[in-house]
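Participant: What follows is a structure written as structure tokens; I'll ask about it next.
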Amino acid sequence: MTKSIPNTKSKKWIFVSLVCLLLAIGGFLIKQSEPKKEDEHKVTDKKTYRANYHFTSPDKWKNDPQKPIYLDGKYHYYYLYNGDYPDGNGTEWRHATSTDLVHWKDEGVAIPKYTNKNGDPWSGSVVVDAQNTAGFGENSVIAIVTQPSSSGQQEQFLWYSKDKGKTFKSYSDEPVLKNPGTKDFRDPKIIWDDGANKWVMLMAEGTKIGFYESDDLKDWKYTGGFETKNIGLIECPDLYMMRADDGSIKWILGASANGKETGKPNTYAYWTGEYNGKEFAPDQEEPQWLDHGFDWYGGVTFEDGLNDDKLDHRYALAWMNNWDYANNTPTIKEGFNGIDSIVRRIELKKQDDDNYYLASQPNENLNELTKTTDQYEEIKVDGSNKLDTKGVAYRLEADISWADLHNVGLRLRESSDEKRHVDVGIFAKGAYSYVNRGLTHQPDESNQYIESKAPFDPNKKEVHLEILVDKTTVEVFIDDGKVVHSSQVFPPLEDDGITLFSEGGTATFKNIEIKHYQSIYKSNKK
């Protein structure tokens, strides 16, 4: 009989396999005991005041937006940033890019502060010099920026970029536009006037908007001015052309203004009218307002880079804060202070009285962030009705109708005991729409900025509301968006209830749709 010889290779292989199996099982058990990445995001979302879908400063401080440009398939957005906040002063231009105006990629500081004797760069304007009018090369990116200057006055300086807007160099220590002798002389806004084949610059000069022209972005000549009345100091002027829904072409002149002393908003005032290449003639002396809330300041409008028809519509965004309480936000504890509104699409529409107005609607690309949707077909409300749906970051739409009542709307970011909430609605008895943040945590310790209001036709018995809620913001679009309310709110993050209400009668809520938005800070950035 032949003696069998043990197969040592086979035994060794079995031993190694058992060890690997045990290691794999151990690794699996350890992995199961760790929080899943999805759970980690959920914990982060719950504990942070960083917005889910609004642009926020990566750290420290941001305020004024600068008008974005579209170049090489991307929107290039610059904003005032202070990396030394809260211990040091001075702003610089930080840069971000986007393909959809929802997701943003941080590109770092483009124009640094305190690099020359003229101090830090403030607000200004950036353009693409397609025809090389300034001599820095075709398609150079040019910024004209206010700096306090070595003379102690606000003056305008030119910076240029040859790397497609990533970094800028100072053209000269001397201003391209000197101060003419006024205290306030800032925030240059530049456009190319196709009709006159020249550059046009607007300047904020106290309560006046000054107009200047140039062939080369370096030498500027004054052409005229537009005096404003009863809306305080003017900042961040704006000028553009649009085609209305009746086919008419109108010029729009805009500016950030402060009308609170006369009971008006302190957001973005605008006039429709005519610009003759030298100065602007308004259709009406009284301005209209792009927002009636408390926190839509330093607003800018800009062209749709993907649409060849530049007159059909534009986009707009603003800094969501107010200088009266700019440093009062819970995000400071997380190392940042600064948030923008969502990007809006704006269109020009004609009214029954033959005047024109700008209508705003949220950027539809936001819907790409939808993770779940709740819908309610019809709910009749006489008193209140708390929805099963909850959330802190969503887009809510609803049609509301009534026959006779005093007040109707929604209580948002409501606490479980129903004592804290943000109220959005129509006060039919008083003929106005409103957002009231007085019953939750909010930034204004003086309690002067509690309820924003805008006129609402008392003969109307219906309204369409579109409401965007995020961790620290509420933006409300009334009907077609002629009226918008944008304000900061700071409810505790656990306050996530939604309640429908009516007072003094019955209201019917129809077509309620609530789209819950995921965070742009954890999804893939474009």
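Participant: Tell me the mean residue ellipticity at 222 nm calculated for the chain from its helices only (DSSP H runs of n ≥ 4, each -39500 (n - 2.57), averaged over every residue, nearest 500).
Facilitator: Dividing the helical sum by the residues of the chain leaves -2500 deg cm²/dmol.
Participant: Rg and Dmax of the stretch 194-319 over Cα atoms: what are they, in angstrom?
Facilitator: 14.6, 42
Participant: Next question. Among Leu253, Asn436, Pro65, whose Cα projects farthest towards the positive end of the dipole of the chain, with charges put on the beta-carbon of Lys, Arg (+1) and Asp, Glu (-1)?
Facilitator: Selected residue: Pro65.
Participant: With charges set only on the Cβ (+1 for Lys and Arg, -1 for Asp and Glu), what does the dipole of the stretch 210-311 come to about its Cα centre, in debye to the nearest 20?
Facilitator: The calculation lands at about 300 debye.
Participant: How large is log10 of I(q)/I(0) for the stretch 227-267 at q = 0.19, 0.26, 0.28 Å⁻¹ when the intensity is taken from the Debye formula with one equal scatterer per alpha-carbon?
Facilitator: Log10 I(q)/I(0), no solvent term: -0.64, -0.82, -0.88.
Participant: Give the shape of the stretch 360-488 as rounded, prolate or oblate, defined through the alpha-carbon gyration tensor: a ≥ b ≥ c are the square roots of its eigenvalues, a/c under 1.5 means rounded, and otherwise the shape is prolate if a/b is larger than b/c and oblate if not.
Facilitator: Rounded.
Participant: Counting only heavy atoms of the protein chains, get the accessible area per residue of the stretch 436-475 (1.4 Å probe) and round it to a whole Å² value.
Facilitator: Result: 43 Å² of accessible area for each residue.
Participant: Taking 30 Å as the cut-off for C-alpha to C-alpha distance, list the pairs among Lys113/Lys221; Lys113/Lys250; Lys189/Lys229; Lys62/Lys117 that go past it. Please list the in-between numbers first.
Facilitator: On the way: Lys113/Lys221 28 Å; Lys113/Lys250 38 Å; Lys189/Lys229 21 Å; Lys62/Lys117 23 Å.
As for pairs spanning more than 30 Å Cα to Cα, those are Lys113/Lys250.
Participant: Largest first, please: the extent of the C-alpha atoms of the stretch 270-376 along each principal axis, to the nearest Å.
Facilitator: 50, 37, 31
Participant: Hey, what angle do you get for helix 8-33 against the long axis of the chain, alpha-carbon based, 0 to 90 degrees rounded to 10?
Facilitator: The answer is roughly 40 degrees.
Participant: Now, a different point. Based only on the alpha carbon positions, what is the Kirkwood hydrodynamic radius of the stretch 78-189, in angstrom?
Facilitator: Values: mean 1/r = 0.0683 Å⁻¹.
Taking the inverse mean of 1/r over all distinct Cα pairs, the stretch 78-189 comes out at 14.6 Å.
Participant: Beta carbons within 10 angstrom, averaged per residue: use that to sort the peptides 329-337, 192-200, 237-245, 77-85, highest first. Intermediate results must be reported in sequence, preceding the final value.
Facilitator: Numbers: 329-337: 16.3, 192-200: 14.2, 237-245: 19.7, 77-85: 22.9.
Ranking, from highest mean packing down: 77-85, 237-245, 329-337, 192-200.
Participant: Suppose every Lys and Arg Cβ carries +1 and every Asp and Glu Cβ carries -1, with no other charges. What dipole size does the chain come out with about its Cα centre, to the nearest 20 debye?
Facilitator: 2840
Participant: For the stretch 207-254, what is the convex hull volume of the alpha-carbon atoms per residue, in Å³?
Facilitator: Normalising the Cα hull of the stretch 207-254 by residue number yields 118 Å³.
Participant: Tell me the carbon and sulfur percent of the accessible area for the chain, rounded to whole percent, probe radius 1.4 Å.
Facilitator: 48
Participant: With charges only on Cβ, +1 for K and R and -1 for D and E, what is the dipole size of the stretch 311-388 about its Cα centre, in debye, rounded to 20?
Facilitator: So the magnitude is around 320 debye.
Participant: To the nearest 10 degrees, how steep is helix 37-47 against the longest Cα principal axis of the chain, on a 0 to 90 scale?
Facilitator: With rounding to tens, the tilt is 50 degrees.
Participant: Could you compute Rg(Cα) / (2.2 N^0.38 Å) for the chain, with N its residue count?
Facilitator: Taking the Cα Rg and dividing by 2.2 N^0.38 Å, one obtains 1.14.
Participant: Sticking with this one: Averaged per residue, what accessible surface does the stretch 85-144 expose to a 1.4 Å probe, in Å²?
Facilitator: The answer is 36 Å² per residue.
Participant: Along the Cα→Cβ direction, 7 angstrom out, place labels at Asp457 and Trp192. What is the inter-label distance in nm?
Facilitator: Output for this residue pair reads 4.1 nm.
Participant: Take the alpha carbon atoms of the stretch 436-491, find their center, do the same for the stretch 284-353, and report the distance between the two centers in whole angstrom.
Facilitator: Centre-to-centre distance over Cα atoms comes out at 14 Å.
Participant: I want the local charge near Leu158. Using Cβ-Cβ distances under 13 Å, sum +1 for each Lys or Arg and -1 for each Asp or Glu among the other residues.
Facilitator: -3
Participant: Among His485, Thr472, Leu412, pick out the residue whose Cα is farthest towards the positive end of the charge dipole of the stretch 373-526, where Lys and Arg carry +1 and Asp and Glu carry -1 on C-beta, about the Cα centre.
Facilitator: Value computed over the given set: Thr472.
Participant: I want the local charge near Leu500. Using Cβ-Cβ distances under 9 Å, sum +1 for each Lys or Arg and -1 for each Asp or Glu among the other residues. Each step should come with its number before you reach the end.
Facilitator: Working: positive: Lys386, Arg411; negative: none.
It works out to a net charge of +2.
Participant: Right, next: Students often get this wrong: which residues of the stretch 486-515 have the backbone nitrogen under 20 Å from the point 7 angstrom along Cα-to-C-beta of Asp404?
Facilitator: Within reach of a label on Asp404, which here means backbone N under 20 Å from a point 7 Å along Cα→Cβ, the stretch 486-515 contributes 502-509.
Participant: Right, here's the next one. Near Trp319, within a Cβ-to-Cβ distance under 12 Å, what is the net charge of the other residues, with Lys and Arg +1 and Asp and Glu -1? Don't skip to the answer; put the middle values down first.
Facilitator: On the way: positive: Lys62; negative: Asp64, Glu235, Asp291, Asp295, Asp340.
Here the count lands on -4.
The values are calculated or read from the model by the stated rules, or taken from the named source; none is laboratory data. Keep in mind the model is a prediction, meaning the values are calculated, not measured. Ideal geometry is used to build each Cβ from the backbone, glycine not excepted, and the neighbour counts take in all protein chains shown. SASA here: full protein model, heavy atoms, side chains in, ligands and nucleic acids out. Shrake-Rupley method; radii C 1.70, N 1.55, O 1.52, S 1.80 Å.
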